[in-house]
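Novice: Take a look at the following structure, please.
Nothing in this text is a laboratory measurement; each read-out follows from the coordinates by a stated rule. No experiment lies behind these values; they were computed from the predicted model shown. Neighbour counts run over all protein chains shown; Cβ positions are idealised from the backbone, glycine included.
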Amino acid sequence: MQTIVECVPNFSEGRDAAKVDAIVRALLDGPEVYLLDQEMDADHNRSVITLVGSRERIGEAALRGMGRAAELIDLNHHQGAHPRLGATDVVPFVPVAGVTLEDCVRIAEEVAEQAWLRFHIPTYLYEAAARRPERKNLENIRRGQFEGVREEVLTNPARLPDFGPKFGEGGLHPTAGATVVGARKFLIAYNINLATPEVSIAKAIAKKIRASSGGFPCVKAMGVDLAARGLAQVSMNLTDYETTSIGTVFDAVAREAAAQGVSVAASEIVGLIPRRALEEAAVHYLKVENYHPDLIVENRLAALQSKIQNPKSKIEESSIAPLHTLAERFVDAVAADTPTPGGGSVSALAAALAAALGEMVCRLTLKKKSYTQHREAVQASLAKLAGPRARLMEAIDRDAASYDAVMAAFKLPKATAEEQAARAKAIEEASKIAAAVPLETAELAGEVGRIVESLRPITVPQAASDLKVGLALAAAGRAGAVENVRANVPLISDQEWIARLEAKLRALE
C-alpha cells in the first residue's frame, strides 16, 4: 500500500466473542484492510479493534463494521464500566504513512456522513475533525452517555449530531445510539489497576492527573470499577506520549496511590503502542545515561535493510559526504520558479532545525558526568523536542500541499451559478487548511523556542551558541508562519472561524 491509515473502532461489546468476531469479519471483508489487534474487556464490556488500510479503503471498512455492529448490539441492554454513546462508540482515523492528518479528517467526514445516510446512525465529529471547539474532546460529546444524550437531543439543539436528524425530527438510533468519528494523532490507551476495590480512590487519582483538572498535559483519565476482579482502575488515554510518557503517569499514579495506602496491582496497554514509547519507559526506569535509538539492534537492522533496498551513491552514504549535499535538493526547490515550497515550508524547516539543535545540545550534555544533577530535566527536554520536530518536518510538505489545493480550487469551473458556489466553497475550505497548517507551525515553533530557552542554564556552556542559533531559528519560524497564516485570511469569509484564528494569533504574538 502506498498510503497507510490506522483505524481503531471501539464497539460496545466485550463479552460475546461471536458478536465481536462477526464485526471483525465485516471490517475485513474488503481489499487493502488488515487486522493488527483485537481486544475484549468484559468489565468495560467493550472491544477495541485496530486496523490498517489504504486511504481509499479504510473508510469503507469502518462503515462495514458500523453496519454490522448496529445489527448485533442493542444499547438498551448494554451495561459496562466504560462510558458509551453508541454500538460503535468511537471511530478514530490516524495517519501512518503517505497521508496527513487533514487526509484523515476528510475520511472521518465521509464516514460520518455515510453512517447517517446508510444506517440512520447519527454521528458526531471530534478531535481534528471537530466542527465545534467544544466537540474536540470526546468526553464532552459523550457526557450523559446513550441514555442521557438520547433525551437531551430532543430538547437541546446544541447537542444535535453533526450528521443526523434536524431538531424536532427525531433523535438517536433506537438501539445503536450515535457514533463519534474523528481524526487524531497516535494515542496510547493505558490502564493502571489498583490493589483495592475502592473506586473512589481511582477517581480521585484520575482527577488529579488528567489535563482537564490541571494535571499532566495530553492525559485523559477516569476511575473505573473492575467489579469482576475486585479492583479499581485508573483508565487513561495518552494523546501525546512524547509530551507525557507512560513512565511519567505510572510514577504519578503509584505515588498518589501510596499516599492513600494503596499499591499498584498491574498495568495494561489496550490496543497497540509505538515501540519508542516502551523504549522511553525502559530508559526512564533503568536510568540509561547514553541512550539513543541507534542502541536498539532492531533499529540498526531496519536502517541497514532500508539502505539495501534503497541504495544510494557511495558519496551519499559516506560519512565524509559534504553536508551541503543533504540540503541542496530542498534549497534548489525553494529557489525554483514555482510557488511551492515557499515561506510556510521554510518556516517549518527553520523551527525543525531549532528543535534539532536543542536535541543535539541535550545529547552533548547527557554525556557529561558533571551535569548529573540536571540529567532528568535534560532527558525530559530531549523527549519533548522530538515530537515537535517530527511534526514540523511533516509541515514542510503539508504547507506546500495546502497551497497547491488553494490553487486547484481557483481553477474549478465557474460558468454556472452552481459551479460558482461550489468553487467558492472549495476555495474557502482549502484556504482554511492553508491557514491552519502554518498556524500549527507557529505554535510548534513557539513551543520549541520555550524548550530551547529552558536549556540554557542546565546544558554545557560550550554549546551556548548552538542554543542561541536555535532560539533565532525558532523565532524566525514562528514569525514566518504567522505571516503565512495572515496571507490566507482574505480568502476566508467565515467570520466566526476568523475570530478564533485571530485569538490564536494574538496569543502567539
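Novice: Quick check: the distance between the Cα centres of region 435-459 and region 1-78, to the nearest angstrom?
Specialist: 38
Novice: Hey, got a sec? Which trypsin sites (Lys or Arg not before Pro) in region 377-469 land in a DSSP loop and have at most 12 other Cβ atoms within 10 Å?
Specialist: Hits after loop and neighbour filter: LYS411.
Novice: Also, quick follow-up: In nm, to one decimal, how far is the ALA499 label point from the LEU36 one, both placed 7 Å along Cα→Cβ?
Specialist: 4.0
Novice: Sort the following peptides by mean Cβ neighbour count (other Cβ atoms within 10 Å, averaged over residues), highest first: 452-464, 89-101, 30-42, 226-238.
Specialist: Output ranking for 452-464, 89-101, 30-42, 226-238: 89-101, 226-238, 452-464, 30-42.
Novice: Whole number please: convex hull volume per residue of the Cα set in the chain, in Å³?
Specialist: Cα-based convex hull of the chain, divided per residue, equals 182 Å³.
Novice: Using R₀ = 60 Å, calculate the FRET efficiency as 1/(1 + (r/R₀)^6) where r is the Cβ-Cβ separation of ARG25 and SER370; round to 0.05.
Specialist: Calculated transfer efficiency: 0.50.
Novice: Sticking with this one: Can you give the charge dipole size of region 188-274 about its Cα centre, rounded to the nearest 20 debye, using +1 on the beta carbon of Lys and Arg and -1 on the beta carbon of Asp and Glu?
Specialist: 200
Novice: Using the basic label-point model (7 angstrom from Cα toward the beta carbon), what is the ALA422 to ALA335 distance in nanometres?
Specialist: Using points 7 Å along Cα→Cβ, the separation is 4.3 nm.
Novice: When the chain is fully extended, how far beyond the present Cα-Cα distance does ALA507 get from LEU301, taking 0.36 nm per residue of separation?
Specialist: 69.7 nm
Novice: Which of ALA204, SER12, MET393 sits closest to the plus end of the dipole of the chain, meaning its Cα is farthest towards the positive end, when Lys and Arg get +1 and Asp and Glu get -1 on the C-beta?
Specialist: The residue sitting farthest along the positive end of the dipole is ALA204.
Novice: At a Cα cut-off below 30 Å, give the lysines reachable from LYS504, other chains included and same-chain residues fewer than 8 away excluded.
Specialist: Cα-Cα hits under 30 Å: LYS136, LYS185, LYS207, LYS208, LYS220, LYS384, LYS425, LYS432, LYS468.
Novice: Grab the eigenvalues of the alpha-carbon gyration tensor for region 4-183, scale each by 5, take roots, and send me the semi-axes largest first in whole angstrom.
Specialist: 23, 20, 14
Novice: Here's a follow-up. First check a/c for region 163-290, with a ≥ b ≥ c the square roots of the eigenvalues of its C-alpha gyration tensor; if it is under 1.5, answer rounded, and if not, answer prolate when a/b is larger than b/c or oblate otherwise.
Specialist: Oblate shape, in that a/c is at least 1.5 and b/c is the bigger or equal ratio.
Novice: If you place +1 on the Cβ of every Lys and Arg and -1 on the Cβ of every Asp and Glu, how big does the dipole about the Cα centre of the chain come out, in debye to the nearest 20?
Specialist: So the dipole magnitude of the chain works out to roughly 1100 debye.
Novice: Please list, by residue number, everything in region 215-233 whose backbone N is under 19 Å from a paramagnetic label point 7 Å out along Cα→Cβ of SER200.
Specialist: 222-227, 230-233
Novice: Could you work out how far apart the two model spin labels at GLU268 and ASN140 are, taking each label as a point 7 Å from the Cα in the direction of the beta carbon, and quote it in nm?
Specialist: 3.1
Novice: Once every DSSP H run of n ≥ 4 in the chain is given -39500 (n - 2.57) and the sum is divided by its residues, what mean residue ellipticity at 222 nm do you get, rounded to the nearest 500 deg cm²/dmol?
Specialist: -17000 deg cm²/dmol
Novice: Next question, about the same structure. Which whole-number percent is the relative contact order of region 1-153 (Cα, under 8 Å, 6+ apart)?
Specialist: Value for region 1-153: 26 percent.
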